[in-house]
1. So if I take the centroid of the Cα atoms in the stretch 32-100 and the same for the stretch 179-194, what is the distance between those two points in Å?
2. What is the set of long-range amide H partners of I76 at a cut-off below 5 Å, with H atoms built 1.01 Å from backbone N?
3. Per residue and in cubic angstrom, what volume does the convex hull of the Cα atoms of the stretch 324-366 have?
4. Where Rh is the Kirkwood radius over the Cα pairs of the stretch 96-180, the temperature 4 °C and the viscosity 1.567 mPa s, what D in µm²/s does Stokes-Einstein return?
5. What percent of all Cα-Cα pairs in the stretch 199-262 falls in each 5 Å bin, counting up from 0?
6. Expressed in nm to one decimal, what extension gain is obtained for the pair D166 and E135 from 0.36 nm per residue of sequence separation less their Cα-Cα distance?
7. State the extension gain, in nm to one decimal, for the chain segment bounded by N216 and L363, taking 0.36 nm per residue of separation less the distance between their alpha-carbons.
8. Can you tell me what percent of all Cα-Cα pairs in the stretch 237-283 are more than 14 Å apart?
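The values are calculated or read from the model by the stated rules, or taken from the named source; none is laboratory data. Since this is a predicted model, take the numbers as computed values, not measurements. Every residue, glycine as well, gets a Cβ built from its backbone with ideal geometry; the counts of neighbours run over all protein chains shown. For accessibility, only protein heavy atoms count, side chains too; no ligands or nucleic acids. Shrake-Rupley method; radii C 1.70, N 1.55, O 1.52, S 1.80 Å.
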Amino acid sequence: MKNILKSVGAVACAAALICSAGCASTKWSFKSGDFTLSSGIWISYTFDGVSSAINKMQEGDEKATLETIDFEKDEIEGKIAKDWAYAEAKDKVLRYLTAETLAAQLGAKVSDETFDASKYYYSYFYKNYYSEMFEKLGVSEDSYCRANLMPQLLEDEIFLKIYGKDGTKEVTDKDLEAYFVDNYVSYYYISCSLTTKDDSGNEVDLDAETLEKYRNNFRKYAAMLNNDGKTTADVATQYKTDFSAETVPETNETMAKDKMETGDLNAAILETEEGKAVTKEIDKKLYLIYRFKIKDKVGKIKGANDETSDNETEIISREDILKNMKSEEFNQYLKDEADKLECTRNDACVYKYDVMRTVHILLSQK
């Protein structure tokens, strides 16, 4: 039997099923319009659903395992575990088919060359860790790679068709740069430890003389940046001399403020005035922190097709800024489109390769 599934409500995979007659091949699982997902992709998603179910159960019982969970009786968020895992798998189906549908509507494409160049990570893990298990499940390397990689590649292309150059809702350079200035921070820091090891290998504080020497060095670096017109490269060179070091423990980053992790170091960075250097002692380390003027970094923003000079040492991705700027809006758009998607479910395939089949095969591998 085939069922027509229409996503409705808050959950993208909720469906109203309309039956139609006919015999179904088990080689395909779901389709929408011209796009069909293979049985292998569906089975791969049932594996993901089972894995997610185990992780969810472990939130309440860290000892929960595939062996201890009764997928036909135990509940997750008010659902029988096998049904919860099925819903997770179907969610992934709808994501894939929604991406295929939108890509076709917008003229977005993922070339074979792009897919092949991007699948190395998944191919490696399939071949070296998963091949025996997935072969028993009925998931080929290609199905595994497509299931995990293609939706994201399609969504990336859709995103650019909407918000990129000449997109349906193009974000201008002016608007993007204004967002960048308001929401990004650019900084540099170096550090040194304020502890050492004694003869027994125990961590101890530096002696007073060494500690004062280090503090003087770092105050000197701050003065170089604040008063002497020197650069962070000059500071790094001076650090090598002062500490007789071949390399410098330095960090130089430009990133969205809301992507910075919590902690005393990042708090100190955000508290530092733009164009100023300060010294801080945090968690037994001494830091020289310099915060660049973010407006000075606007010229470093480059698109994928923009020309760059050979001596450019810092390039800030326009696409990364654009994603930070529009990701929330875009994700809501994808959800809304998934809610409207109509697709056909092949019961012959889905019932044959159901969650419990995946569970039983995984248990047989133990």
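1. If you average the Cα positions of each part, the centres end up 40 Å apart.
2. Here the answer is A81, since their amide H atoms fall under 5 Å of that of I76.
3. On the way: hull volume 4.8 nm³, N = 43.
Once divided by residue count, the hull of the stretch 324-366 is 113 Å³.
4. After rounding, the answer is 88 µm²/s.
5. 3, 13, 17, 18, 16, 16, 10, 4, 1
6. The span from D166 to E135 would gain 6.8 nm if fully extended.
7. Numbers: separation 147, 0.36 × 147 = 52.92 nm, distance 6.26 nm.
The N216-L363 span can extend by a further 46.7 nm.
8. 65 percent
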